[in-house]
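> The structure under discussion is supplied below as structure tokens; questions concerning it will follow.
The values are calculated or read from the model by the stated rules, or taken from the named source; none is laboratory data. None of the values given here were measured: they were computed from a predicted structure. Ideal geometry is used to build each Cβ from the backbone, glycine not excepted, and the neighbour counts take in all protein chains shown. The protein model used for the area step is the full one, side chains on, heavy atoms only, and it has no ligands, DNA or RNA in it. Shrake-Rupley method; radii C 1.70, N 1.55, O 1.52, S 1.80 Å.
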Protein chains: 2
Amino acid sequence: MKAVEGGICAAQGFTANGIHCGIRKNHSKKDLSLIFSAVPASAAAVYTTNLVKGAPLAVTKKHLENGVAQAVICNSGNANTCNANGREIAEAMSALAADQLGIDPADVVVASTGVIGQPMTIDPIAAGLPALAAGLSREGGEAAAEGIMTTDTVKKEAAVEFRLGGKTCRMGGIAKGSGMIHPNMATMLVFITTDAAISPAMLQKALSGDVAGTFNMVSIDGDTSTNDMVTVLANGMAGNPEITAEGPDFTAFMQALNSVTISLCRQIAGDGEGATKLLECRVTGAADLKTARTVAKSVICSSLLKAAMFGADANWGRVLCAIGYSGAAVDVNKVDVAFRSCRGTIAVCEKGAGVDFSEEEAKQILLQKEIEILVELNSGSESAAAWGCDLTYDYVRINGDYRT
Amino acid sequence: MKAVEGGICAAQGFTANGIHCGIRKNHSKKDLSLIFSAVPASAAAVYTTNLVKGAPLAVTKKHLENGVAQAVICNSGNANTCNANGREIAEAMSALAADQLGIDPADVVVASTGVIGQPMTIDPIAAGLPALAAGLSREGGEAAAEGIMTTDTVKKEAAVEFRLGGKTCRMGGIAKGSGMIHPNMATMLVFITTDAAISPAMLQKALSGDVAGTFNMVSIDGDTSTNDMVTVLANGMAGNPEITAEGPDFTAFMQALNSVTISLCRQIAGDGEGATKLLECRVTGAADLKTARTVAKSVICSSLLKAAMFGADANWGRVLCAIGYSGAAVDVNKVDVAFRSCRGTIAVCEKGAGVDFSEEEAKQILLQKEIEILVELNSGSESAAAWGCDLTYDYVRINGDYRT
């Protein structure tokens, strides 16, 4: 398996495009994206657990009942959530996209992201769709990645090449992250495509299994969005024997998927609203997987620790505090904590108590862009990682006047 | 019942004092407080649920096993948590205070607040205690309130006068809040005194019953501290017949307690780290109390909503979003949301969807110092309130370099 270029269009048979159609006032920001598969594809998805769900989710869920899809339409600038006509607009988005592509509306995945509860009309989407569809190309992945951004500062893409049944397969994805992100089932918007052949049921199994250790372990601000979903389309054009059960091919597929999703998780966390640093909490030595994940999430979600990391302050007491209130049954007197970055590793706590360390060395380590918080529980052999970012002035600025 | 002056010394028989002994580097900041009852008092407490617990909590817990105490010693500037000699220092604090006061060390409540995992010595406390004890007076409540402050910007005091069994009783309290505050059993440091006569068992019952709807409904940043506790001393000097069971006197006592605790909750929330506004979420029309409390807490904890309130932005979609991910079984299509302040009330959401409202009017309402977020679930008759504050640049500044 190796990383390749091409993002959402890396796999055979996929084209994409993104344009500004007028939902967002800023003309330099794209707000409508389309992804298309030359042939119908196996499709799987996971959705937000928020009881308040964007109208597009209900429509997508219905469309994916048969496990098949051929296109994704997604707008940014308006979440199409808590609008009286939300369902109607999501249905219209599917129908208009299907019409342009000459496919069944029920084979369209529809998504929206942006402000909740703002009035929305179909007009700019209807007006923009012909040009959007006409511009679909193998080179359009970048534009599509831009069209789903909200307060994201960089587009998020990943792709890998791998082998299945003697055939070369590719898988790529794009993601939209930034704010209102918290681990509680599928968070953020992620679209993944692959030319591997896999049955809808096994694709869903792969995706559901993957998100527990990837997207569900990312937290920016503890808020679980109303609109988030992760979808995968697998069109089979690589020509490998279709994966219909567990086995070496399914394992290889899972590894490729995990490689793409971990990359997108890190990109999403590192570009969290206002973030200056990517934080990764790696928990090892846990008695069980649930404990490892609970501890990692709790540490990565602590506002106090996030602010300390912004200030490059090795305030390890806040790590211990977050472990203590995580709800996991941890023997805090066995816990070791260290910080690591490209500048080195520094141990700050052993067996639950502070150790002498150089504040200057710790500062140099914590001033880097990617920080690992290493937690060794010394109670078993399970491990987990969680991703987040620091809490900064800019998070407050961005969210203090998001709508205006 | 009426509000009175005097704080922690409002009730008969209580004296207090606070001084700078040298734990904190800044000489203008008090860092050691003492509260003393002329006679032994019934005592009750609730403690943090964090598995990482400050050493003073273990000592206090042991001292309160018999339900009796006569003094409280508390330092700020160092949490005495995750220190190898923590227990020893907490024991020494009790012993030295008891020695000065001529009482049993087992009748001393000991508490610490400040940075976790910093080395600590008993020296400044031992050196300061004689002057601290010598200066105990009825006028010392304010100094005691100052001595327990960390990043608090104002001291927090409350007191009420009420009648029990034909006698005038008083109850007062002081609190330390600010950061690392989240509803999960007793949060923050709170000391309450009263001259009412009540058995230790009924005092504990009153306190445990009260915190569920008061201190456990306050959140500043979602972090549950390692050191927090709420204690009440009731010395009986008002001369009322001792409360030993439920009945009208117990109810009156609960009301007085609730009046003091609600006042302290509002003071703590309004002075949250970096806060410019006090936020109160009032949930009504819930099917049951648990739902009401869960929804109120979820709204008050949302970083996105807190940032929007800082920006005076009526972004009600974030209220609905927080209700949706709260975990409570709520019919989101029945939810009404309004914002209220001294400038008026504005409805922003009805039956789960946006209503037309004046952005200018909303702005004026949200620019005030105390904001109520009103959530009507239209599904029953239970209600709850939760308190918090806005998320500001200063929260980030304060916590980005707390130790330096």
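> Among (1) out of contact with any Pro (no Cβ under 7 Å at 6 or more places or on another chain); (2) buried (at least 22 other Cβ atoms within 10 Å of the Cβ), which single condition is A:LYS297 missing?
Only one criterion is unmet by A:LYS297, namely (1).
> Further, regarding this structure: In region B:319-334, which residues are open to solvent by 10 Å² or more (accessible area, probe 1.4 Å) and either closer than 15 Å to B:ALA275 by Cβ or not small (Gly, Ala, Ser) (or both)?
B:TYR325, B:VAL330, B:ASP331, B:VAL332, B:ASN333, B:LYS334
> With the requirement that a residue be polar (S, T, N, Q), touching a helix residue (DSSP H, G or I) at 6+ places or on another chain (Cβ under 6 Å) and either within 13 Å of another protein chain (Cβ to nearest Cβ) or not in a strand (DSSP E or B) (or both), what does region B:380-404 give you?
B:THR392, B:ASN399
> Find all pairs meeting these conditions: Cβ atoms under 7 angstrom apart; at least six residues apart or on different chains; first residue within region B:170-183 and within 14 Å of B:TYR395 (Cβ to Cβ); second residue open to solvent by less than 10 Å² (accessible area, probe 1.4 Å) and at pLDDT below 60.
From region B:170-183, the pairs are B:ILE181/B:THR187.
> Which pairs have Cβ atoms under 7 Å, sit 6 or more apart or on different chains, and link a residue in region B:294-313 that is within 7 Å of chain A (Cβ to nearest Cβ) and among the small types (Gly, Ala, Ser) to one that is surrounded by fewer than 24 Cβ atoms within 10 Å (Cβ to Cβ) and part of a helix (DSSP H, G or I)?
These pairs meet every condition: B:ALA307/A:GLY400; B:ALA308/A:GLY400; B:GLY311/A:GLY400.
> For A:CYS281, work out the one condition from (1) under 28 Å from A:ASP394 (Cα atoms); (2) open to solvent by less than 10 Å² (accessible area, probe 1.4 Å); (3) touching an Asp or Glu at 6+ places or on another chain (Cβ under 6 Å) it doesn't fulfil.
(3)
> Continuing with the same structure: If A:MET237 satisfies every condition in (1) at pLDDT 85 or above; (2) more than 29 Å from A:THR291 (Cβ to Cβ); (3) assigned to a loop (DSSP other than H, G, I, E, B); (4) in contact with a Lys or Arg (Cβ under 8 Å, 6 or more places away or on another chain) but one, which is the exception?
(4)
> In the set B:CYS82, B:CYS9, which member is touching a residue at least 24 places away in the same chain (Cβ under 8 Å), within 14 Å of chain A (Cβ to nearest Cβ) and touching a helix residue (DSSP H, G or I) at 6+ places or on another chain (Cβ under 7 Å)?
Among B:CYS82, B:CYS9, only B:CYS82 is touching a residue at least 24 places away in the same chain (Cβ under 8 Å), within 14 Å of chain A (Cβ to nearest Cβ) and touching a helix residue (DSSP H, G or I) at 6+ places or on another chain (Cβ under 7 Å).
> Let me ask another. Please enumerate the residues belonging to region A:231-278 that are open to solvent by 10 Å² or more (accessible area, probe 1.4 Å) and of a type in the set (Phe, Trp, Tyr).
A:PHE250 - this is the single residue of region A:231-278 that is open to solvent by 10 Å² or more (accessible area, probe 1.4 Å) and of a type in the set (Phe, Trp, Tyr).
> Any idea which of B:GLY77, B:GLY7 is farther than 25 Å from B:MET202 by Cα and within 19 Å of the chain's Cα centre (by Cα)?
Only one candidate passes the filter, namely B:GLY77.
> Let me ask something else. Of everything in region B:50-65, what is part of a helix (DSSP H, G or I) and more than 14 Å from chain A (Cβ to nearest Cβ)? Give them in sequence order.
Within region B:50-65, B:PRO56, B:VAL59, B:THR60, B:LYS61, B:LYS62, B:HIS63 meet the criteria.
> Hey, another quick one. Scanning region B:24-49 for residues that are in a loop (DSSP other than H, G, I, E, B) and modelled with pLDDT under 95, which turns out most open to solvent (accessible area, probe 1.4 Å)?
Once the filter is applied, the top-ranked residue is B:LYS25.
> Which residue is nearest to the other protein chains (Cβ to nearest Cβ), if the candidates are limited to region B:66-79 and must be among the polar types (S, T, N, Q) and crowded, with 22+ Cβ neighbours inside 10 Å?
The extreme case among them is B:ASN78.
> Something else about it: Take the residues of region A:381-404 that are crowded, with 19+ Cβ neighbours inside 10 Å and touching a strand residue (DSSP E or B) at 6+ places or on another chain (Cβ under 9 Å): which is farthest from A:CYS265 (Cα to Cα)?
Among them, the one singled out is A:TYR395.
> I've got another one for you. Enumerate the pairs (first residue in region B:25-44 and without any contact (Cβ under 8 Å) to a residue 60 or more places away in the chain; second residue anywhere and of a type outside the set (D, E, K, R)) with beta-carbon separation below 8 Å, excluding pairs fewer than 6 apart on the same chain, so at least 6 apart or on different chains.
B:HIS27/B:HIS20; B:SER28/B:HIS20
> May I ask you to list the residues in region B:95-113 that are of a type outside the set (A, V, I, L, M, F, W, C) and surrounded by 24 or more Cβ atoms within 10 Å (Cβ to Cβ)?
Once the filter is applied, which keeps residues that are of a type outside the set (A, V, I, L, M, F, W, C) and surrounded by 24 or more Cβ atoms within 10 Å (Cβ to Cβ), region B:95-113 yields B:SER112, B:THR113.
> Now, a different point. Output the residue which, of all residues in region B:323-337 that are at pLDDT 90 or above and under 27 Å from the mean Cα position of the chain (by Cα), is farthest from the other protein chains (Cβ to nearest Cβ).
B:ALA328
> While we're here: Of the numbered conditions (1) open to solvent by less than 20 Å² (accessible area, probe 1.4 Å); (2) modelled with pLDDT of 95 or more, B:ASP228 fails exactly one; give the number of that condition.
Going through the list (1) open to solvent by less than 20 Å² (accessible area, probe 1.4 Å); (2) modelled with pLDDT of 95 or more, B:ASP228 breaks only (2).
> Let me ask something else about it. Filter region B:344-380 down to the residues that are of a type in the set (D, E, K, R) and within 20 Å of B:ALA275 (Cα to Cα), then identify the one that is most open to solvent (accessible area, probe 1.4 Å).
Top of the filtered list is B:LYS369.
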